[in-house]
1. Using helices alone, I'd like the mean residue ellipticity at 222 nm for chain A: each DSSP H run of four-plus residues gives -39500 (n - 2.57), total over residue count, nearest 500.
2. Determine the sum of side-chain charges near residue A:12: Lys and Arg each +1, Asp and Glu each -1, restricted to other residues whose C-beta is under 11 angstrom from that of residue A:12.
3. So which cysteines in chain A don't have a second cysteine's C-beta under 4.7 Å from them?
4. Quantify, in whole percent, the carbon and sulfur part of the accessible surface of chain A (1.4 Å probe; protein heavy atoms only).
5. Considering Cα pairs under 8 angstrom that are at least six residues apart, work out the relative contact order of chain A and quote it in whole percent.
6. Counting only protein chains, not ligands or nucleic acids, how are A:369, A:240 ordered by accessible area (probe 1.4 Å), most first?
7. When N is the residue count of the stretch A:3-144, what does its C-alpha Rg come to as a fraction of 2.2 N^0.38 Å?
8. Which value does Rg/Rh take for the stretch A:311-462 over its C-alpha atoms, Rh per Kirkwood?
Amino acid sequence: MQLYNTLARSKQEFVPIVPGKVGIYCCGPTVYNFAHIGNLRTYIFEDILRRTLRFSGLEVRHVMNITDVGHLESDADEGEDKMEKGARREGLSVWDLARKYEAAWLADMTALNIERPEVICRATEHVAEMIALTERLVERGFAYAAPGAVYFDTSRFGSYAELARLDLSGMQAGAGGRVGVVGEKRHPNDFVLWFLDRPKHLMQWDSPWGRGYPGWHVECSAMSMKYLGETFDIHCGGIDHIPVHHTNEIAQSEAATGKPFVRYWLHGEFLIIGKQDADDDDAYTKMSKSSDNFITVSVVKERGFDPLSYRFLCLMAHYRSELKFTWENLESAQQGLRRVYAQRSGPDPLENDSAYEDARGEVARALYDDLNTPNAVGLLSRYGSDRLWQEFDAVLGLGIAQRRLEREEPLPEEITQLIAARNEARKAKEWAKSDALRDEIISKGYEVGDGPQGTTVKPRIL
RNA sequence: GGAGCCGUACCCAAGUGGUUAAGGGAGAGGUCUGCAAAACCUCUAUUCAGCGGUUCGAUCCCGCUCGGCUCCUCCA
């Protein structure tokens with residue numbers, strides 16, 4: 001299988017460290033608000049990754065974190081903590097807030113048919129591991145304590161920013177806030193491992209340096225290495241994590257262990273959405289929690305869409321491409337999915353076993369080519385084989401078999417009576433009456449069709 | 001200021017240095033139907049933002065221009 005590795009900026013053949021097994025770590029949600037569908041796009045991509053790896057015969061161990069310790073607005077501090085801001089907004093404790101949105105996030109994952117990772121770990125339950133990692137860094141001379149925090153010393157880590165290929169000197173010249181505030185830090189890019197002296201912060205723990213709380217990046221290093229080992233196969237996340245979060249994860253992990261941290265880094269692109277102030281129809285922007293283009297799974301449902309239609313929309317674009325979201329596009333995805341679910345009449349076009357194997361190989365190759373789901377879906381559509389769709393649904397996760405079953409369920413008594421009444425009216429050529437009855441059946445969620453073999457009524461799916 | 005990405009039909013979106021530029025949606029026509037719906041069949045880019053260059057040949061490689069996006073700051 002070929003996967004695009006951000007470290008190499010190219011596709012590479014995936015070779016697991018332990019034959020037959022693969023360890024994956026994915027950056028999970030910060031639970032201070034609902035996830036929007038842009039966030040969820042990344043989890044869908046990661047789900048496709050894990051399912052494809054498993055389809056290829058590997059045993060998958062997938063770890064995802066829940067960030068339930070607040071992040072400050074920036075390492076430079078001053079800003080307001082998101083968790084605390086959310087808690088105040090909703091009149092909940094920070095702990096209750098985190099649990100509330102963790103549950104909401106899990107529900108979204110379920111609605112989108114995203115498989116549960118083997119390990120879901122909360123940052124607040126791994127503070128000891130984070131402290132241990134920080135101690136290790138201090139011992140090895142990669143971290144230093146100042147009055148306000150323990151910092152990672154980026155100057156001591158030679159390959160810092162290799163992943164992002166950042167031009168640190170260029171950044172110094174820039175006007176960005178990140179390099180503007182040095183304060184007690186020794187170098188502009190140094191980042192916090194452990195915050196100290198923040199009496200107002202609601203979540204605090206004791207540490208060798210005093211009471212405080214962990215910096216953001218350290219949780220992913222501590223938890224991924226705990227569950228997957230000091231060197232593991234794949235680390236995923238959104239493309240925005242490359243320059244800071246993942247760069248810092250690599251630095252602190254490798255500095256602590258002296259070993260390579262991760263072999264393959266995979267990053268998902270953004271979902272983009274038309275700008276609100278649309279003087280230009282071609283202007284798109286990423287979805288974000290702070291602006292008004294915030295669309296959640298609930299909003300998708302309220303608009304009459306099945307969450308799986310959104311999943312299907314995501315599959316129709318490659319994970320490393322920006323995907324333009326509009327309600328019209330979601331509608332077209334839902335219509336397409338409806339036809340995938342609909343029972344096809346006639347024989348399977350791939351009756352012949354060798355033809356089936358050829359087609360199967362072609363679809364599998366598309367998926368093994370850096371998870372090319374749009375290509376795979378295109379091939380499945382072209383072949384039009386139920387059997388093939390159902391086999392690859394193990395990867396696509398559209399729940400095809402279940403929907404098919406729902407369509408075959410026996411009709412309720414109420415509906416069969418309406419059908420009988422309509423058939424009588426039709427026999428008597430009372431068209432107005434029969435059409436009214438048909439409308440009634442349709443309004444109850446069924447499709448009605450009259451063919452040479454008589455009338456067929458099935459539940460409408462989607 | 002620095003780094004990088006993208007621009008394929010009405011919409012979304014794969015793809016390739018050279019035989020017919022996937023697929024989905026929408027649209028058009030047809031089969032079926034009392035009429036519909038669904039399903040099925042057929043059709044819909046001589047062309048891949050524009051202009052140059054490399055090449056026997058470029059949508060795919062290079063350069064420039066235009067347009068859009070992201071990162072450098074919490075962010076999927």
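1. Estimated from H runs of four or more residues: -13000 deg cm²/dmol.
2. That sum, taken over residues with Cβ under 11 Å, equals +1.
3. A:27, A:121, A:220, A:314
4. 49
5. Averaging sequence separation for qualifying contacts and normalising by length gives 16 percent for chain A.
6. The most accessible residue leads, giving A:240, A:369.
7. That ratio works out to 1.23.
8. 1.08
The values are calculated or read from the model by the stated rules, or taken from the named source; none is laboratory data. Since this is a predicted model, take the numbers as computed values, not measurements. Every residue, glycine as well, gets a Cβ built from its backbone with ideal geometry; the counts of neighbours run over all protein chains shown. Protein only, heavy atoms only, side chains kept; ligands, DNA and RNA dropped before computing areas. Shrake-Rupley method; radii C 1.70, N 1.55, O 1.52, S 1.80 Å.
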